[in-house]
Amino acid sequence: MDKITIIVPCYNEQEVIEKFHTEVTRVLQDVADCSFTYLFVNDGSTDATLSQLQQLAAREENASYISLSRNFGKEAAMLAGLDYADGDAVIIMDADLQHPPELIPVMIDWWRQGYDDVCAKRTDRADETWFKRHMANLFYRCLQAVSKFRVQRDVGDFRLLDKRCVAALRLMRENQRFTKGMFTWVGYRKKEIPFHVRPRAAGATTWSYLALCNLAVEGLTSFTTAPLRLTTLLGLGVSLLAMFYMCWVLFNALCYGDPVAGYPTLITVMLFLGGVQLLSLGIIGEYLGRVFTESKQRPIYLVDEYDGQKMIYGSPAG
Ligand code: UDP
Ligand code: MG
């Protein structure tokens with residue numbers, strides 16, 4: 001009998017939790033030779049999500065929850081789930097039913113055929129705005145161009161992970177997490193299965209454009225140091241251009257007695273160089289900022305409560 005833990009990060013999902021549970025349970029009834037447990041992670045919700053989870057855990061034998069001490073973000077919530085999960089495999093799912101539960105039996109099939117990481121690949125992003133789609137496209141292109149990993153495209157966090165992958169992911173304790181890159185980084189046998197994203201069952205997405213931009217920068221800086229290399233190349237290129245320009249000015253002055261107008265050229269060059277220098281500093285700063293946050297070695301999340309039990313660090317309090 002295989003034991004599978006379903007990890008569900010929840011942030012202000014009071015309207016969908018019951019619905020999620022009924023719908024997923026209905027699908028799971030037909031899966032043979034598998035026992036399922038639910039592990040909900042309450043990521044510091046400000047609505048009634050926690051009390052909903054408490055009720056659910058009290059009522060259903062196979063449901064449990066951890067509640068984080070504040071909102072740490074989905075990436076941290078997922079890690080908390082992975083840390084507390086004890087199945088032979090885990091499935092990570094959103095609470096808002098955008099991830100169709102019908103895919104779970106398919107994932108389990110592939111897992112039993114020897115795949116360690118079965119992920120759902122969205123076949124259309126039609127529900128998203130034109131801008132969002134193109135930004136996502138650009139992001140994947142950039143990441144692909146600069147890193148030697150084959151980054152999985154249009155693949156979200158909806159996936160089944162074998163316990164070997166879970167063990168590997170638990171080892172990766174960086175604070176600024178780009179989980180999508182980490183899934184690729186750990187390797188093992190991967191299988192992508194297509195699916196259509198459903199609209200949210202209720203509530204609104206918590207991802208703003210700003211948050212998505214931050215995620216993109218985070219993804220790039222945590223996955224590759226190519227931008228640093230790029231600044232070096234940029235410096236080299238600008239220096240070369242400057243040299244050619246200098247030769248040309250000299251040539252003109254010596255051969256044709258051209259008095260070279262100073263002010264416009266100076267201003268252009270100064271502004272251009274100033275911009276390049278600030279850009280390079282900014283890129284270095286991005287990485288330095290990461291070094292700073294990581295060097296503090298703070299815990300990635302704090303658990304307030306585990307199935308009704310108050311927690312102190314990783315263990316029950318009192
Ligand atoms: N989520 C979370 N912490 C957060 C934001 C979101 O645990 O700070 C959870 C949320 O409850 C949901 C999942 O992550 O289960 C995906 O969030 P959302 O639906 O807002 O994102 P989208 O589907 O738009 O990518
Ligand atoms: Mg969603």
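Cβ-Cβ contacts under 7 Å between residues 6 or more apart (or on different chains), taken from a first residue in segment 166-178 that is under 18 Å from residue 220 (Cα atoms) to a second residue that is part of a loop (DSSP other than H, G, I, E, B), are listed as 173/300; 175/298; 175/300. Of 117, 86, 109, 33, all but one fail to be touching a strand residue (DSSP E or B) at 6+ places or on another chain (Cβ under 8 Å), away from ligand 2 (no atom under 16 Å from the Cβ), farther than 30 Å from residue 313 by Cβ and among the acidic types (Asp, Glu); the exception is 33.
Of all residues in segment 295-310, one or more are within 30 Å of residue 172 (Cβ to Cβ) and in a helix (DSSP H, G or I). One residue stands out among those in segment 2-17 that are more than 10 Å from ligand 1 (Cβ to nearest atom) and not β-branched (Val, Ile, Thr): the one that is nearest to residue 33 (Cα to Cα), which is 2. Considering the conditions (1) more than 24 Å from residue 216 (Cβ to Cβ); (2) within 19 Å of the chain's Cα centre (by Cα), residue 140 is excluded by exactly one of them, (1). For segment 249-277, filtering for residues that are loosely packed, with under 11 Cβ neighbours inside 10 Å, of a type in the set (A, V, I, L, M, F, W, C) and under 53 Å from the mean Cα position of the chain (by Cα) leaves 5.
Residue 19 meets all of the listed conditions (1) crowded, with 17+ Cβ neighbours inside 10 Å; (2) outside any loop (DSSP other than H, G, I, E, B); (3) within 16 Å of ligand 2 (Cβ to nearest atom) but one, namely (1).
The listed residues are 192, 218, and the only one of them that is assigned to a helix (DSSP H, G or I), out of contact with any Leu (no Cβ under 8 Å at 6 or more places or on another chain) and surrounded by 13 or more Cβ atoms within 10 Å (Cβ to Cβ) turns out to be 218.
Filtering 76, 80 for residues that are at pLDDT 90 or above, touching a strand residue (DSSP E or B) at 6+ places or on another chain (Cβ under 7 Å), over 17 Å from residue 119 (Cα atoms) and among the small types (Gly, Ala, Ser) leaves a single hit, 80.
Only one of the listed residues (43, 86) is surrounded by 21 or more Cβ atoms within 10 Å (Cβ to Cβ) and of a type in the set (D, E, K, R). That residue is 43. Would you confirm whether or not segment 60-71 contains a residue that is closer than 16 Å to residue 162 by Cα, away from ligand 2 (no atom under 16 Å from the Cβ), modelled with pLDDT of 90 or more and basic (Lys, Arg)? The answer is no; no qualifying residue exists. For segment 291-318, the tally of residues that are modelled with pLDDT of 85 or more and in contact with a Ser or Thr (Cβ under 9 Å, 6 or more places away or on another chain) stands at 6. Only one of the listed residues (157, 124) is assigned to a strand (DSSP E or B), within 16 Å of ligand 2 (Cβ to nearest atom) and of a type in the set (D, E, K, R). That residue is 157.
The values are calculated or read from the model by the stated rules, or taken from the named source; none is laboratory data. This is a predicted model, so every value here is computed, not measured. Backbone-built Cβ (ideal geometry, glycine too); neighbour counts: all protein chains shown.
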